[in-house]
1. Which residues, taken from the range 232-246, are touching a residue at least 40 places away in the same chain (Cβ under 8 Å) and either farther than 16 Å from residue 308 by Cα or over 20 Å from the mean Cα position of the chain (by Cα) (or both)?
2. Can you go through 283, 289 and tell me which one is crowded, with 17+ Cβ neighbours inside 10 Å, touching a strand residue (DSSP E or B) at 6+ places or on another chain (Cβ under 9 Å) and under 18 Å from residue 345 (Cα atoms)?
3. Hey, any hits in the range 257-277 for a residue that's more than 22 Å from residue 303 (Cα to Cα), under 31 Å from the mean Cα position of the chain (by Cα), surrounded by fewer than 18 Cβ atoms within 10 Å (Cβ to Cβ) and in the same structural domain as residue 295 (by TED's automatic domain parsing)?
4. If you check every pair at least six apart or on different chains, which have Cβ atoms under 6 Å apart with a residue in the range 340-366 that is within 20 Å of residue 297 (Cβ to Cβ) first and a residue that is in a loop (DSSP other than H, G, I, E, B) second?
5. Quick one: in the range 233-256, which of the residues that are surrounded by 14 or more Cβ atoms within 10 Å (Cβ to Cβ) and under 16 Å from residue 286 (Cβ atoms) is modelled with the highest pLDDT?
6. Across the range 68-89, which residue is farthest from the chain's Cα centre (by Cα) among those that are assigned to a helix (DSSP H, G or I) and exposed (fewer than 15 other Cβ atoms within 10 Å of the Cβ)?
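The values are calculated or read from the model by the stated rules, or taken from the named source; none is laboratory data. Predicted model only: the values in this text are computed from it and were never measured. FYI the Cβ positions are ideal-geometry reconstructions off the backbone, even for glycines, and counts take in every protein chain you see.
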């Protein structure tokens, strides 16, 4: 019995020794694995630290680049609120900006949006506004200061106009000489003794008529040189009504004048007197060219791309094909009593309003289209 117990104890001791040996081996393996894991964690921490530092460096460089850009940069959220902006944007648009609606800031800072492709700010600077949608929502807005290039373009346009004016002046001498000589002739006849009242009245009328013709030539030249003055937003339909008021007293029998407006809220930023004069010039040309009954129409409409158009059309003799390319040239005329600067002045006035004028193809008569940047009349 005792020997059996000793044998059992011996067996269990052997089992315990084997178990302790196995536990020790497993412990060594776990310890090695833990050391390896700890080394990997340390390496990952080091790599993450380097990545974070790289991202911070990249973000710092990007921020410095945006802040150093000569153009204004704005980041808008999906509601159009300004979330980020750089110093150039603050300089152009003023404060506050962050948290403000971009549309409200534009309304606050814009002086006019009718300077062609440029927007004029209240500060007197001109900017180009470019917008691009972001994949994450919202959009980025780039403001480019184009003040110097805009002013240079205005200067060059004026210089070109003055250059053309110089060329006009050289050819205008004979145009001025004719009415001036006539006025002098009739005025000298009025001083002759023994003239009866009827002769004096006739000479007086001829003298005044010649002086008026001379005055018109001078005014036309000044209008060409000036190219438009201060401008404000005006209704296109109101402009056409002003033209009609000037035209109606001159309408003869057989002439039918129609005024149509397809867009009552259509407006333009213009110097109203000069633009009215330009349209009146086109209408007067139609009246002078017609030899029979005439249908004359003045139309205000909005083009397919949203611009304002003034259309002057008639069913008169039209413009011959061989001279269509030359009708806007200074001093080009087919009328014996014309001075050839009327349409040149019209073109100059329209271009001074950042617009264009063209002679449209028509089956009969003539159709002139004045195309201008549009404004909305509230």
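1. 237, 239, 240, 243, 244
2. Details: 289 fails: under 18 Å from residue 345 (Cα atoms).
Every option except 283 fails the conditions.
3. As a first pass, look at the range 257-277 and keep what is more than 22 Å from residue 303 (Cα to Cα): 257, 273-274, 277.
Those left that are additionally under 31 Å from the mean Cα position of the chain (by Cα): 273-274, 277.
Applying the additional criterion that residues be surrounded by fewer than 18 Cβ atoms within 10 Å (Cβ to Cβ) yields 273.
From what's left, in the same structural domain as residue 295 (by TED's automatic domain parsing): 273.
Yes, the range 257-277 has at least one match.
4. 343/327; 343/328; 364/315; 365/315; 365/316; 365/318; 366/318; 366/319
5. Checked the range 233-256; the qualifying residue modelled with the highest pLDDT is 240.
6. To start, the set of residues in the range 68-89 that are assigned to a helix (DSSP H, G or I) comprises 68, 87-89.
Right, trim to exposed (fewer than 15 other Cβ atoms within 10 Å of the Cβ) and you get 68, 87.
Working: 68: 27, 87: 25 Å.
Looking at residues that are assigned to a helix (DSSP H, G or I) and exposed (fewer than 15 other Cβ atoms within 10 Å of the Cβ), I get 68.
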